[in-house]
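For reference, the structure discussed in these notes is given below.
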Amino acid sequence: MMNFENQRVIVTGGTRGIGRGITQEFLKAGATVIATYAGNDKAAEDFRTELGDLGERLDTYKFDVTDTKAVQDFYKTIEDKYPSIEVLVNNSGIRKDSMMAMMSDEDWKRVMDVNLGGTFYMSRGIIRHFMGNKYGRIVNMSSIGGSLGLAGQANYAASKAGQVAITKTLSKEVGKKGITVNAVCPGFIDTELIDDLPEEQVKEYKKTVPLKRFGKPSEVAHAVMFLASKEASYITGTTLEVAGGL
Ligand code: NAD
């Protein structure tokens with residue numbers, strides 16, 4: 001079990017789905033988790049209650065990762081509050097699928113801005129802090145959709161491929177400051193993000209996965225924690241697939 005005692009970890013979209021799993025596993029490993037979310041206050045509070053004693057090390061903030069002023073305000077608040085931040089997990093993400101010929105400007109722009117823009121704004125906001133500490137870990141939640149492509153996901157796949165490009169670029173810019181930047185690429189993971197898929201399609205997708213099932217948020221969380229750990233000190237600019245063999 002990796003130890004994150006005395007470490008502060010930011011998880012965007014950290015109260016639901018994969019992010020919730022990541023928050024929970026980091027809390028179990030001793031971290032203080034600063035989890036952000038887009039809108040649902042009640043879900044965030046229910047999550048804290050469910051965590052019991054672990055919830056005492058959970059700090060939550062609501063803002064939109066595409067709102068650059070809100071991102072700035074968030075960093076100001078937490079940098080005043082905590083002695084240091086060690087880890088940023090850029091996990092927030094959305095889907096707005098449709099065949100490219102039918103895709104609206106709005107759906108293209110929104111998915112690019114939340115998934116790719118959010119990763120950019122949040123990473124840019126913490127990088128000086130990490131440089132000052134000569135330590136930091138960034139883990140970006142991409143997707144195998146970014147390299148495989150899936151019909152109906154031009155916006156999503158492009159944003160996820162873009163996150164891998166940001167990962168590689170930033171890793172080269174900040175490596176000399178003791179900061180690593182990596183990406184995790186999940187396959188199909190059981191969360192609300194994909195619960196609109198028709199049952200027949202889910203069955204078909206499961207057949208294509210060599211492990212013959214969808215993954216769980218905790219299974220993604222463990223990969224994120226490895227890349228965020230002190231032990232992963234010579235790994236940067238890389239992507240780790242958590243996709244059941246897809
Ligand atoms: P989810 O819909 O359950 O959770 C998404 C989270 O992102 C929520 O907490 C939400 O509050 C947050 N979010 C959405 N828009 C936001 C915004 N504008 N500002 C701030 N936060 C915002 O989805 P999930 O399945 O848990 O997905 C988490 C990440 O994993 C996403 O980046 C997604 O692309 C990626 N992913 C998921 C799967 C999957 O099969 N579930 C597969 C590959 C990659």
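The values are calculated or read from the model by the stated rules, or taken from the named source; none is laboratory data. Predicted model, so just to flag it, every value in this text is computed and none were measured. As a convention, Cβ positions derive from the backbone with ideal geometry for all residues, glycine included, and neighbour counts pool all protein chains shown. Heads up: the accessible areas ignore ligands, DNA and RNA and are worked out on the full protein's heavy atoms, side chains in. Shrake-Rupley method; radii C 1.70, N 1.55, O 1.52, S 1.80 Å.
Using alpha carbon coordinates only, what is the Rg to Rh ratio of the stretch 81-218, with Rh defined as the Kirkwood radius?
1.03
Nearest 0.05, what FRET efficiency do Arg124 and Leu150 give at R0 = 25 Å with Cβ-Cβ as r?
0.30
Once both axes come from the Cα atoms, what is the angle between helix 118-133 and the longest principal axis of the chain, in degrees from 0 to 90, rounded to 10?
Roughly 20 degrees, rounded to the nearest 10.
If packing is taken as the average count of other Cβ atoms within 10 Å, what order do 86-98, 1-13 fall into, highest mean first?
For the peptides 86-98, 1-13, the packing ranking is 86-98, 1-13.
With θ taken as phi - 60° and the coefficients 6.51, -1.76 and 1.60, list the Karplus ³J(HN,Hα) couplings across the stretch 212-218 in order, rounded to whole Hz; mark glycine and proline as x.
Couplings: 6, 7, 7, x, 10, x, 5 Hz.
How would you classify the stretch 200-246 from its alpha-carbon gyration tensor, with a ≥ b ≥ c the square roots of the eigenvalues: rounded for a/c under 1.5, else prolate if a/b is greater than b/c, otherwise oblate?
Prolate shape, in that a/c is at least 1.5 and a/b is the bigger ratio.
Return the long-range amide H neighbours of Thr36 (sequence gap of 5 or more, or a different chain), with a cut-off of under 5 Å between placed amide H atoms.
Val11, Thr12, Gly13, Gly14, Tyr61
I'd like to know which of Leu88, Phe63, Thr36 lies farthest towards the positive end of the charge dipole of the chain, counting +1 on Cβ of Lys and Arg and -1 on Cβ of Asp and Glu.
With unit charges placed on the Cβ atoms, the residue in question is Leu88.
Residue-wise, which Karplus ³J(HN,Hα) couplings in Hz belong to the stretch 185-195, taking 6.51 cos²θ - 1.76 cosθ + 1.60, θ = phi - 60°, and x for glycine or proline?
3J(HN,Hα) across the stretch 185-195, in whole Hz: 10, x, x, 7, 10, 5, 8, 4, 4, 10, 7.
Return the carbon/sulfur percentage of the accessible area of the stretch 2-132, one whole number, probe 1.4 Å, all protein chains in place.
So the carbon and sulfur contribution to the accessible surface is 49 percent.
Is the chain best put as rounded, prolate or oblate by its Cα gyration tensor, with a ≥ b ≥ c the root eigenvalues, rounded for a/c under 1.5, and otherwise prolate when a/b is larger than b/c, oblate when not?
It is rounded, given that a/c, with a ≥ b ≥ c, falls under 1.5.
Given the DSSP H assignment, sum -39500 (n - 2.57) over each helix run of at least 4 residues in the chain and divide by its residue total; what's the result at 222 nm in deg cm²/dmol, nearest 500? The partial results should precede the final answer.
Working: 9 runs with 107 residues, N = 246.
Value at 222 nm, helices only: -13500 deg cm²/dmol.
Could you go through the stretch 8-18 in sequence order and give the Karplus-derived ³J(HN,Hα) for each residue, using 6.51 cos²θ - 1.76 cosθ + 1.60 with θ = phi - 60°, rounded to whole Hz, and x for Gly and Pro?
Per residue, the Karplus-derived 3J(HN,Hα) values read 10, 10, 8, 10, 6, x, x, 10, 9, x, 4 Hz.
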